[in-house]
1. Mean 1/r over all different Cα pairs, inverted: what Kirkwood radius does segment 22-165 give, in Å?
2. By counting other Cβ atoms within 10 Å of each Cβ, how are S138, S71 ranked from fewest to most?
3. Please report K35, K149 as a ranked list, fewest other C-beta atoms within 10 angstrom at the top and most at the bottom.
4. List every DSSP H helix in the chain whose Cα atoms extend 24 Å or more along the helix's own long axis and whose mean Kyte-Doolittle hydropathy is at least 1.0.
5. Among V90, V103, V28, which one shows the biggest mean-square fluctuation in a GNM of the chain, springs joining Cα atoms closer than 10 Å?
6. Which links in K42/K144; K35/K157; K42/K149; K30/K123; K42/K157 stretch past 22 Å when you go from one Cα to the other?
7. With charges set only on the Cβ (+1 for Lys and Arg, -1 for Asp and Glu), what does the dipole of segment 22-165 come to about its Cα centre, in debye to the nearest 20?
8. For segment 76-122, which GluC sites (Glu not before Pro) are in a loop by DSSP, counting at most 15 other Cβ atoms within 10 Å?
Amino acid sequence: MWLGESMPKKKHLGKSVPQTLKLMPHLVPKPLWGKSAANLLKRAAWDRIRRDALEAARRACQVCSDPASASDPCHELWEYDDERGTATLVGLRIQCRNCDSAVHMGRAVKRGFGNAAIAQLAKVNDIGLREAKMLYRSAMDEWKQRNKKQWRIAVAKSLLERYAELAVLEPITDPTLF
Ligand SMILES: [Zn+2]
């Protein structure tokens, strides 16, 4: 059992991708491309959120703890509810370039950095390269399924309370969801 005790289900990786690993590939479903806070917010509003996140992270990568620079990416953490078809922005995370490359594995592979991204995924999660590749493959399968769906966007209440401007992401707010 390569994932040790942190693995929530003792199933193979096909369907249940463990969420307890530090670093996971995040492939944005195609219908949601461009629908990010970074894209949809006014520049000044996003810059303020980024600055807050960087300060909260104490200028270190929030995944691997390597030093982070002011220009390092502020990653949007999205949760996908496949049954309801809801994508929820649940948090923000400062991550170094190496971790960012592993998270955006699809992009890294396209640009020829696939091996480096897999290596980072293995290193940070303390798993083998083979397992890291399996994680990526499993994320790809999940992504293909998610590409076929329609998605509604939501923002976690705690984030909305802090940054009202994030409401621009969710055209219809259903308070019963939270
Ligand atoms: Zn990192």
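1. 16.0 Å
2. Working: S138 19, S71 8.
The order, fewest Cβ neighbours first, is S71, S138.
3. K149, K35
4. What comes out of the filter, once short or polar helices are dropped, is none.
5. The residue that fluctuates most here is V90.
6. Values: K42/K144 31 Å; K35/K157 18 Å; K42/K149 28 Å; K30/K123 28 Å; K42/K157 20 Å.
The pairs that break the limit, which is 22 Å between Cα atoms, are K42/K144; K42/K149; K30/K123.
7. 440 debye
8. E83
Just so you know, all these numbers are worked out from the coordinates, no wet-lab data involved. Being a predicted model, the structure only gives us computed values, none of them experimental. As a convention, Cβ positions derive from the backbone with ideal geometry for all residues, glycine included, and neighbour counts pool all protein chains shown.
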